[in-house]
Amino acid sequence: ALMSMSVMATGPGPARRDTADQLMAGEDSADQRDSADQMADHNESGTRNEYTYEDSRIRVKALCADADAVNDKAELKVREIPESSAEYRKHQKTLGEKNALLYDISFMLNGKEVEPTDGKVKVSVSFRDGQLSNDLGISRSSDLEVIHFADENAEPETLKASVKGETALFETESFSEFAFASKDGNAL
C-alpha cells in the first residue's frame, strides 16, 4: 500500500496540483493563470489573480483567491515605514518593546488605493537582506507575529503566519499597514 501511495503522489495528477501556487489559488489555478497570461492586456478584470512588487530589499507577492477581486490594471505597492517616523510611533503601543518591521502594502488603481472586493488574498513577503533572521531574530514560524493595522478605528489584528527562510506567508482580506515582529520581544 505504501508503494502505491508513493507512485500516486509522483504521478501527473496529484503532483501537478501540489505546487505552492496551485494550492494557494485552488483547483482551477493552472487554467486561470494560462488565461490570465493570454488575456491580461485585453480585459480590465477577472483574469489576473497574482500581483508582485519588488525592490532591492523586499519582494511581495499577493495571490487572490478570486480573479475578480482586484482590477487587472491595479498595481501592488509596498512602502517601508521607518522606525523614526510618526507612523511607526503611533503603532508603538501595540508593538511594545518588540523588534518590528512595518510596511504599508496596498493595491493602487489610477492613483487611488483599492481593496480586494471579495475573498482572501495569500501574501508572501520575501526579505532580501535577511531582515527576518538578522533584524528580528526569527528562524521559524513560531517566532513570527504579523499584525495588521487595518485602519485607525479598528483594533490591530494578529494574523496566522508562517516562515520559510526569509519569507513570511499570511492571508488577509484587506490591505494597509502590516508589522512583522518577533513574538518574544527584543530578540537581539
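Only residues that are without any contact (Cβ under 8 Å) to a residue 12 or more places away in the chain and among the polar types (S, T, N, Q) were counted across region 137-182, and they come to 1. Taking the criterion of being part of a loop (DSSP other than H, G, I, E, B), open to solvent by 30 Å² or more (accessible area, probe 1.4 Å) and not basic (Lys, Arg), the residues of region 138-175 that qualify are Ser139, Ala150, Asp151, Glu152, Asn153, Ala154, Glu155, Pro156, Gly165, Glu166, Glu173, Ser174.
Give region 110-121 a look and list any residue that's surrounded by fewer than 20 Cβ atoms within 10 Å (Cβ to Cβ) and part of a strand (DSSP E or B), or say none. Result: Lys112, Glu113, Val114. Consider region 39-55 and keep the residues that are open to solvent by less than 60 Å² (accessible area, probe 1.4 Å) and in contact with a Ser or Thr (Cβ under 9 Å, 6 or more places away or on another chain). The one that is modelled with the lowest pLDDT is Ala40. Number of residues in region 83-104 that are out of contact with any strand residue (DSSP E or B) (no Cβ under 7 Å at 6 or more places or on another chain), at pLDDT 90 or above and within 14 Å of Ala181 (Cα to Cα): the value is 1.
For (1) in contact with a Ser or Thr (Cβ under 7 Å, 6 or more places away or on another chain); (2) at pLDDT 95 or above, each residue gets a yes or a no:
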| site | (1), (2) |
| --- | --- |
| Thr117 | no, no |
| Lys122 | no, yes |
| Phe127 | no, yes |
| Ala150 | yes, no |
| Phe170 | no, yes |
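Reported count of residues in region 62-109, each being assigned to a loop (DSSP other than H, G, I, E, B) and open to solvent by less than 70 Å² (accessible area, probe 1.4 Å), is 14. Being open to solvent by 10 Å² or more (accessible area, probe 1.4 Å), over 16 Å from Tyr53 (Cβ atoms) and out of contact with any helix residue (DSSP H, G or I) (no Cβ under 8 Å at 6 or more places or on another chain) is a description that does not apply to Asp184.
The values are calculated or read from the model by the stated rules, or taken from the named source; none is laboratory data. Keep in mind it's a predicted model, so treat the numbers as computed, not measured. Heads up, the Cβs are rebuilt from the backbone with ideal geometry, glycines too, and the neighbour counts pull from every protein chain shown. Keep in mind that these areas ignore ligands, DNA and RNA; they rest on the heavy atoms of the full protein, side chains included. Shrake-Rupley method; radii C 1.70, N 1.55, O 1.52, S 1.80 Å.
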